[in-house]
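The values are calculated or read from the model by the stated rules, or taken from the named source; none is laboratory data. All values reported here derive from a predicted model rather than from experimental measurement. Here Cβ is always computed from backbone atoms with ideal geometry, including for glycine, and neighbour counts include all displayed protein chains.
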Amino acid sequence: MPTYRVAVAGLADVHISCPGCSGDALSLALRELGLCSFKVDRRSQDGRQWFFQATFKAGAIEPPDAGPVTRLASVDRIDD
C-alpha cells in the first residue's frame, strides 16, 4: 500500500498509507482538520508529487472570522 506525506504551510506534515491516489491521501489526512474541498494545481514531472489548492472550513485552521481558508498542499508519494 502506498505511503504519502501531506504538507500544508502552517500545519504539521501527515504521513498516511492508503490504497488510493494522492487525492484520497489528501482527503484522509486532512479531513479531521476541516478540509472541505480541494482541486489539483499541478504535479511533478516524475508523477510522485502533486500540488492541490486545499480549502478548509471557517475556523478550522484560522480564526472563524477569517472565513474559509485556501492553502497550497503538497502530496508526495514516498513509498510504493
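Tabulated values for the structure
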quantity: Residue identified as surrounded by fewer than 18 Cβ atoms within 10 Å (Cβ to Cβ), touching a residue at least 60 places away in the same chain (Cβ under 8 Å) and not acidic (Asp, Glu) among Leu72, Leu28, Leu33; calculated: Leu72
quantity: Complete set of residues in region 12-69 that are of a type outside the set (A, V, I, L, M), assigned to a helix (DSSP H, G or I), farther than 14 Å from Pro2 by Cα and in contact with a strand residue (DSSP E or B) (Cβ under 7 Å, 6 or more places away or on another chain); calculated: Ser27
quantity: Residues satisfying the stated conditions in region 62-80, i.e. modelled with pLDDT under 90 and under 16 Å from Ala25 (Cβ atoms); calculated: Asp79, Asp80
quantity: Every pair of residues 6+ apart whose Cβ atoms lie under 8 Å, when the first sits in region 40-61 and is without any contact (Cβ under 8 Å) to a residue 60 or more places away in the chain and over 16 Å from Ala29 (Cα atoms) while the second is part of a strand (DSSP E or B) and among the acidic types (Asp, Glu); calculated: Arg48/Asp76
quantity: Cβ pairs under 6 Å, 6+ apart, first in region 13-25 and more than 16 Å from Arg43 (Cβ to Cβ), second in a helix (DSSP H, G or I); calculated: Val14/Ala29; Ile16/Ala25; Ile16/Leu28; Ile16/Ala29; Cys18/Asp24; Cys18/Ala25; Cys18/Leu28
